[in-house]
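Notes follow the structure.
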Amino acid sequence: MSMRFYGLKKRISSFWRLYRESKLGIFGLSVILFYVALAVLAPYLCPYNPFRHVGKPLETPSSQHPLGTDQLGRDILSRLIYGTRVSLLIGLSASMMAVFIGTVIGLVSGYFGGIIDHILMRITDLFIQLPSLPLMLIFVAILGKSMFNIILVIAILGWTSTARMVRSQTLSLKERPFIEAARAIGSSDLHILVKHIAPNVVPLVFANATIAVVDAILSESFLSFLGFGDPRTPSWGMILYYARKAGAMMNGLWWFVIPPGICIMTLALGFACMNYSLDQILNPRLRRR
C-alpha cells in the first residue's frame, strides 16, 4: 500500500511539474478556482437574498445595488454570485454524465468490435448528425423545465466525442502485448476492460472532460436564454433571459447583460485553457518531450 501511495504521489508530482510550466494552464486553473470559491462562499458574499424582491424594478447601479435590480426588483449582483453555483453544478454534472456514457460506449464498441461496434457507431453517427440545440429544446419542452432535466438532456446529447475518442484508443490498446498476455492467463473481457484498458484511457477522458464542461455551461446558457431554463434557479443564462425580457439591450441596461456574459465567457475560457494544457500533457501524440 505504501509503495502504491508513493507511486501515485510521484505521478501527481510529475504531472503538476509539467502543468505549472503552462501559463495558459495556470491561468485557466486560477479562473476556475476563483469561480469555485465564489460558488462555495455565495451565501456569505451575496448582499441580498437572490430570490427576494429587495428594491424597485430595474433600478440603476447604486451603492445599495452595485448591478441594479431586475424587472422584479431582485438584486442582480446577488443573483449573479448565486448563479455561479447553478452554472458550475450543471456544467460539472452534465459533463460527468456525458463523459461516463461516452466512455462506456467507446470501451464496449472498441473492444468487442463486429456487430456491436457497428451498431454503437451508427447510433453515435446519428447523434453527431442531428442538430443538438433544436433537440435540446424539444427534449426540455417534453420533459419539463427543471435543473435535473437540463442536466439529463445535455448529457444525452453530449457523449459522442468521448465515445469516438475512447473507441479509437481502445482499438489500439487491445492489440498491445499486455492485453494478449492477460487473455493468455484466462482474464475475462470485463476484467481486461476494467483493469487494463480503462486505466489507460482515463487520462485522455479526463482531458476531454474539461472541454465537455464548457459545452455543458454554454448549452445551459443557450437553453435558459431562450426561455427553457429552470425559472426557480438563478443561473447566468436565466439572468440573460430576464434581461432579454426586459429589453435590456434596447433600453441601454448594460449592467443587466454584460456581467453574466463576462462570467460565462471567462469560465468557459478557463476550462478551455485547462483543456489545452491537459491535452498537451496527457495526449501521447501531443505530449511535450
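The values are calculated or read from the model by the stated rules, or taken from the named source; none is laboratory data. Keep in mind it's a predicted model, so treat the numbers as computed, not measured. Ligands, DNA and RNA are excluded from the accessible area calculation, which covers all protein heavy atoms including side chains. Shrake-Rupley method; radii C 1.70, N 1.55, O 1.52, S 1.80 Å.
Okay, here's what the table says:
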{"item": "Cα principal axis extents for the stretch 68-190, largest first, Å", "result": "70, 27, 18"}
{"item": "Alpha-carbon spread of the chain, three principal axes, descending order, Å", "result": "75, 43, 30"}
{"item": "Rounded percent of accessible protein surface that carbon and sulfur make up, the stretch 1-110, 1.4 Å probe", "result": "69 percent"}
{"item": "Fraction of accessible area attributable to carbon and sulfur, the stretch 112-169 (%, probe 1.4 Å)", "result": "72 percent"}
{"item": "Proximal aspartates and glutamates to Lys23, defined as alpha-carbon separation beneath 15 angstrom and excluding residues fewer than eight positions away on the same chain", "result": "Asp279"}
{"item": "Sequence-distant lysines (8 or more away, or on other chains) whose Cα lies within less than 25 Å of Lys174", "result": "Lys195"}
{"item": "Calculated over the stretch 70-116: convex hull of Cα atoms, volume per residue (Å³)", "result": "73 Å³"}
{"item": "The stretch 26-75 - Debye-derived log10 I(q)/I(0), Cα point model, q = 0.19, 0.29 Å⁻¹", "result": "-0.69, -0.97"}
{"item": "Sorted largest first, extent of the stretch 217-289 alpha carbons per principal axis (Å)", "result": "54, 24, 15"}
{"item": "Whichever lysines have a C-alpha closer than 30 Å to that of Lys245, once near sequence neighbours (fewer than 8 apart) are set aside", "result": "Lys56, Lys145"}
{"item": "Pairs of Cα atoms farther than 17 Å apart, the stretch 1-116, %", "result": "73 percent"}
{"item": "Whole-number accessible area per residue in Å² for the chain, which is evaluated in the context of all protein chains at 1.4 Å", "result": "53 Å²"}
{"item": "Binned Cα-Cα distances of the stretch 174-256, short to long, each 10 Å bin given as a whole percent", "result": "16, 25, 16, 13, 14, 11, 5, 0"}
{"item": "Cα-based helix-to-principal-axis angle, 236-245 vs the chain, degrees rounded to 10", "result": "40 degrees"}
